[in-house]
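Inspection log for the structure reproduced underneath, given as structure tokens.
The values are calculated or read from the model by the stated rules, or taken from the named source; none is laboratory data. All values reported here derive from a predicted model rather than from experimental measurement. Here the Cβ positions follow ideal geometry from the backbone for every residue, glycine too, while neighbour counts run over all protein chains shown.
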Amino acid sequence: MTVIEVNGLVKRYGGLPVVNEVSFSVAEGEIFGILGPNGAGKTTTVECVEGLRRPDGGSTRVLGRDPVKDRKELSHLVGVQLQQSLLPENIKVGEALDLFASFYRTPKDWRALLEEWGLAEKRQAKFGSLSGGQKQRLFIALALVGDPKVAFLDELTTGLDPAARRATWELIKRVRAAGVTVVLVSHFMDEVEELCDRVAVFDRGRIVALDSPANLISNVDADQHLRFRPLAPFDDALLTRLPGVASVSRSGEQVIVAGRGDFAVAVTSALARDQVPVAELRIEQHTLDDAFVALTGRAFDAKEDA
Ligand SMILES: Nc1ncnc2c1ncn2[C@@H]1O[C@H](COP(=O)(O)OP(=O)(O)OP(=O)(O)O)[C@@H](O)[C@H]1O
């Protein structure tokens with residue numbers, strides 16, 4: 001079943017489109033990623049889908065309803081992660097969850113959510129006293145307290161340390177396993193690779209690719225790199241003439257071979273044949289970063305105006 005259907009979405013500010021003919025659909029039970037650099041139009045798109053902004057063009061349906069016209073009805077079916085600034089510093093964690101639960105017709109037991117999100121001991125703590133990670137987890141718990149069918153999570157793990165990020169990822173997988181469709185807005189490639197079934201890559205207001213992270217990576221048409229430390233001398237010409245090898249370079253004790261296709265097998269076989277033992281052999285796989293560069297011609301973290 002299609003949960004979200006966006007067709008030709010346009011949003012302009014001052015006459016200029018910041019979201020330009022964006023189309024995608026999200027199936028029930030998916031974790032759908034929205035990835036892109038600052039200013040690419042991710043938040044604007046998601047806020048149009050949430051009914052928080054009025055689009056200038058296109059059509060959007062969420063659970064078969066219009067996000068702007070049917071906003072009230074949808075608010076019971078959709079969970080939205082709040083921006084940090086929207087909770088008063090003095091509200092207690094338990095009070096915030098109780099308050100948010102009161103907005104919904106069929107809320108979840110928020111005490112169970114506190115347990116699940118590792119906030120049980122913080123029930124009486126004031127929001128302002130929480131660490132960055134605890135605040136972040138509270139915002140996710142608040143997005144889930146209405147027992148939504150779809151949850152929009154924006155910058156899920158910003159401010160969390162590596163262990164807390166991994167723990168959060170596991171919880172998001174459980175949220176999905178419980179039947180919630182998740183739309184995840186993220187800057188983080190590793191997060192998207194780990195969690196998302198499919199990802200829409202945004203750049204300058206448009207979707208430049210939409211596929212599974214694995215397919216986006218395997219479609220990268222660029223050299224891969226094989227690195228190793230040779231334990232006996234050899235002539236680079238041994239490798240440069242092999243099929244698929246583009247270049248051979250050295251950095252200190254390391255040899256770096258750039259190539260495509262099955263070049264790595266050819267390289268290791270040639271070294272073995274010439275009795276050149278090697279150490280620290282590794283192939284550097286392409287990443288989503290490489291996919292982004294291949295799609296846009298720019299590094300992911302490059303400034304929009306660079
Ligand atoms: N209310 C507004 N008025 C004018 N311009 C806006 C408004 N909201 C967003 N923009 C502009 O629209 C563009 C897209 O912004 P948006 O917040 O959707 O990007 P984003 O991809 O979510 O970026 P980030 O990752 O930084 O949140 C930016 O150039 C931004 O300055």
Q | Top-ranked residue of the range 34-72 - restricted to ones that are among the polar types (S, T, N, Q) and closer than 19 Å to Val185 by Cβ, ranked as farthest from the ligand (Cβ to nearest atom) | A | Thr60
Q: Could you grab me the full set of residues in the range 129-163 that are of a type in the set (A, V, I, L, M, F, W, C), within 16 Å of the ligand (Cβ to nearest atom) and in a strand (DSSP E or B)?
A: Phe152, Leu153
Q. What is the number of the single condition among (1) under 30 Å from Ser186 (Cα atoms); (2) in contact with a Lys or Arg (Cβ under 6 Å, 6 or more places away or on another chain) that Ala222 does not meet?
A. (2)
**Q.** In the range 21-66, the residues that are buried (at least 17 other Cβ atoms within 10 Å of the Cβ), without any contact (Cβ under 8 Å) to a residue 60 or more places away in the chain and part of a loop (DSSP other than H, G, I, E, B)
**A.** Gly51, Arg53, Pro55
**Q.** Matching option when the condition is assigned by TED's automatic domain parsing to the domain that holds Glu191 and touching a residue at least 60 places away in the same chain (Cβ under 8 Å), among Val18, Val6
**A.** Val18
Q.
If a residue counts only when it is out of contact with any strand residue (DSSP E or B) (no Cβ under 8 Å at 6 or more places or on another chain) and among the aliphatic types (A, V, I, L, M), which helices (runs of 4 or more DSSP H) contained entirely in the range 175-276 have at least 1 such residues?
A. 213-218, 237-240, 263-273
Q. Looking at (1) in a loop (DSSP other than H, G, I, E, B); (2) at pLDDT 90 or above; (3) over 20 Å from Gly29 (Cα atoms), which is the one condition that is false for Lys108?
A. (3)
